[in-house]
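Contents: one structure, followed by commentary.
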Number of protein chains: 2
Amino acid sequence: MAEFARDHGSRGTRVVLITSGGTKVPLESRTVRFLDNFSSGRRGSASAEYFLQAGYAVIFLHRHRSMYPYSRRYTSHNWLDTLRLVPSSDSSGHQVQVEQSQLPGIVRVLQEYGSMKESGRLLPVEFNTLSDYLHLLQAAAQAVSSLGSNAMFYLAAAVSDFYIPASEMPEHKIQSSSGPLQITMKMVPKMLSPLVKDWAPKAFVISFKLETDPSILIERARKALATYSHQVVVANVLDSRRSYVVIVTNTDEANLSVSEQEETLGVEIEEKIIKDLVARHTSFIGNLDEKNLACKN
Amino acid sequence: MAEFARDHGSRGTRVVLITSGGTKVPLESRTVRFLDNFSSGRRGSASAEYFLQAGYAVIFLHRHRSMYPYSRRYTSHNWLDTLRLVPSSDSSGHQVQVEQSQLPGIVRVLQEYGSMKESGRLLPVEFNTLSDYLHLLQAAAQAVSSLGSNAMFYLAAAVSDFYIPASEMPEHKIQSSSGPLQITMKMVPKMLSPLVKDWAPKAFVISFKLETDPSILIERARKALATYSHQVVVANVLDSRRSYVVIVTNTDEANLSVSEQEETLGVEIEEKIIKDLVARHTSFIGNLDEKNLACKN
């Protein structure tokens, strides 16, 4: 990660660290059962595409097997159904062909995917458990911190708030014959605090707030901004998260939404979110430059 | 499912219900967090292929997005990496081709997949939550019960032993600010009991016992047989489950294993398990026929 950040940073390319997918919290040390957070990785993987389009280099820190940029568009397919065997003259006697009609938009997706691979601007990093995630987030944050305000954090992963400390975890599978299950979980320390204060203090940091109860959403987003002193909270409600979000900062609230008509045209809310955030990032970098200039003069 | 069972049953085809993958247990009614059981669906999806090869019709009751027969062999691939664009004279100017060399064995897999689809002997059914699973299992059991001893249950899914009753579940996302999390979960009633006694009393029933501690494995398998009066427990230990299982019945214990040499040749333990169980199923059907004959005379 450090090399990736250095390479792109030295060319003046902005770098965004995207976290995506849910974390897994084991209940046993030889794990059969675990606590999981609902997240397919749709938001993070879609956002990665739009950041790449906007010219960013992307560290994509994602849950193993969660949605991935570009291939996410075909996750409902059984790929074998898109292939067919045709007789051929080669040694196996068969050639495998693609039923292109079953993969709408595949030519454009392959073009974008190919040019993204060529550019070397996507670095995928995988996690499974909460503890993987926490270690990798810290490593990534330290890797991009040298880029100063050119670095962005887009923390879309659904990170567990709770865990069981290794010392309190049973070694073996919990036996169902022992009766009802009583689990006590500790709170996970909030990583946003050291991230903003120590690991990458000059970066532009965006966290997410997902609630099921719309009435407490904005209040909780504001509280997060006050607690962690970062730049932006993207606030959303579980049921409407694909068509409506609020961009909350210390000074304003911007509503972004995708209309039904736009939806039928394939417009995604992530396109609007990234457009908004890239503009804010630009002005954040500009403001810092001005401040620095003012201090020097 | 009833129609599928009737169609195949009327032709004398044996029908197996395979359950596969882990169940999800919500912690909130508008679910953000859930308890999950570790299971990729590898065992169930591989077994489905070998049952199809052995001539069975298969109801494949599996967790949404868990491994699927045939396509399971390529789950580590990003499919987009196996496709390439070549210039063509058609309207889009591009044709999509498959890099066959990146998909080892694909010709044979597509042949088997194609002939299986043609035979109509695979019925996929999906579940997500524990409650989906329990309802579908009962419906499936009742659908195949008319087949008597020609029906087999191969219960490989990792089903949660614990759940939170709807009445005790919080509606909204549990707030992390409320401090450490205390969860009390009730025990899930064992479905094996009504399945064996009421839903499909003549069927050949196989359950699985997965432990992390090898020292209690056989004892717990025997206890399950004594409790539920079904025919077979496939006992396995988490760490060695891909190379070693014990087939436990009331009268014997058979060890099945895959040697390192076999493994390099691509031999899977499921091939051996299904061969063993199909033979036991045949003799189970024969014995019942003899008993019936004895009663009639």
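The values are calculated or read from the model by the stated rules, or taken from the named source; none is laboratory data. If you're wondering where the values come from, they're calculated on a predicted model, not measured in any experiment. No Cβ is skipped: glycine too gets one built from the backbone with ideal geometry, and neighbour counts run over all protein chains shown. The protein model used for the area step is the full one, side chains on, heavy atoms only, and it has no ligands, DNA or RNA in it. Shrake-Rupley method; radii C 1.70, N 1.55, O 1.52, S 1.80 Å.
Overview of values
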quantity	calculated
Qualifying residue in segment B:209-216 (condition: open to solvent by 70 Å² or more (accessible area, probe 1.4 Å), more than 21 Å from the chain's Cα centre (by Cα) and at the interface with chain A (Cβ under 9 Å from one of its Cβ atoms))	no
In segment A:98-108, the residues that are modelled with pLDDT of 90 or more and at the interface with another protein chain (Cβ under 7 Å from one of its Cβ atoms)	A:V98, A:I106, A:V107
Candidate set from segment A:40-71 (those that are under 30 Å from A:D7 (Cβ atoms) and at the interface with another protein chain (Cβ under 10 Å from one of its Cβ atoms)); member that is most open to solvent (accessible area, probe 1.4 Å)	A:R65
Of all residues making up segment B:109-118, the number that are within 9 Å of chain A (Cβ to nearest Cβ) and open to solvent by 40 Å² or more (accessible area, probe 1.4 Å)	2
Strands (runs of 3 or more DSSP E) within segment A:228-271 that include 1 or more residues within 17 Å of the chain's Cα centre (by Cα), of a type outside the set (D, E, K, R) and under 18 Å from A:S215 (Cα atoms)	A:232-237, A:244-248
Looking only at segment A:13-26, and only at residues there that are crowded, with 21+ Cβ neighbours inside 10 Å and out of contact with any Gly (no Cβ under 9 Å at 6 or more places or on another chain), the one that is nearest to the other protein chains (Cβ to nearest Cβ)	A:K24
Check on A:V237, among the β-branched types (V, I, T) and either loosely packed, with under 14 Cβ neighbours inside 10 Å or more than 14 Å from chain B (Cβ to nearest Cβ) (or both)	no
Lone qualifier among A:A254, A:A226 - being under 25 Å from A:K202 (Cα atoms), open to solvent by less than 50 Å² (accessible area, probe 1.4 Å) and free of Cβ contacts under 8 Å to residues at least 24 places away in the same chain	A:A254
Segment A:109-141, residues that are more than 14 Å from A:V58 (Cα to Cα) and of a type in the set (F, W, Y)	A:F127, A:Y133
Meets criteria (within 14 Å of another protein chain (Cβ to nearest Cβ), assigned to a loop (DSSP other than H, G, I, E, B) and not basic (K, R)) for B:S76	yes
Count of residues meeting criterion [surrounded by fewer than 17 Cβ atoms within 10 Å (Cβ to Cβ), of a type in the set (S, T, N, Q) and within 30 Å of B:M152 (Cα to Cα)] in segment B:162-208	1
Those residues of segment B:119-135 which are open to solvent by less than 30 Å² (accessible area, probe 1.4 Å) and either among the acidic types (D, E) or within 14 Å of chain A (Cβ to nearest Cβ) (or both), in sequence order	B:L122, B:L130
Criterion: more than 8 Å from chain A (Cβ to nearest Cβ), surrounded by fewer than 15 Cβ atoms within 10 Å (Cβ to Cβ) and free of Cβ contacts under 8 Å to residues at least 12 places away in the same chain - qualifying residue of B:D81, B:D90	B:D90
Single match in B:Q138, B:Q142 (criterion: more than 11 Å from chain A (Cβ to nearest Cβ), touching a residue at least 60 places away in the same chain (Cβ under 8 Å), open to solvent by 60 Å² or more (accessible area, probe 1.4 Å) and touching a Leu at 6+ places or on another chain (Cβ under 9 Å))	B:Q138
All positions within segment A:182-197 that are farther than 21 Å from B:I174 by Cα and charged (D, E, K, R)	A:K197
Residue within segment A:265-280 that is open to solvent by 90 Å² or more (accessible area, probe 1.4 Å) and without any contact (Cβ under 8 Å) to a residue 60 or more places away in the chain present	yes
Test result for B:M169, in contact with a helix residue (DSSP H, G or I) (Cβ under 8 Å, 6 or more places away or on another chain) and either touching a residue at least 60 places away in the same chain (Cβ under 8 Å) or not basic (K, R) (or both)	no
Flag for B:L195 being within 19 Å of the chain's Cα centre (by Cα), of a type in the set (A, V, I, L, M) and in a helix (DSSP H, G or I)	yes
Scan of segment B:21-60 for residues that are part of a strand (DSSP E or B) and over 30 Å from B:I174 (Cβ atoms), ordered by number	B:A57, B:V58, B:I59, B:F60
Odd one out for A:S89, checked against (1) farther than 15 Å from A:L122 by Cα; (2) touching a helix residue (DSSP H, G or I) at 6+ places or on another chain (Cβ under 7 Å)	(2)
Boolean, A:Q95 is open to solvent by 30 Å² or more (accessible area, probe 1.4 Å), in contact with a helix residue (DSSP H, G or I) (Cβ under 8 Å, 6 or more places away or on another chain), more than 23 Å from A:E118 (Cα to Cα) and at the interface with another protein chain (Cβ under 8 Å from one of its Cβ atoms)	yes
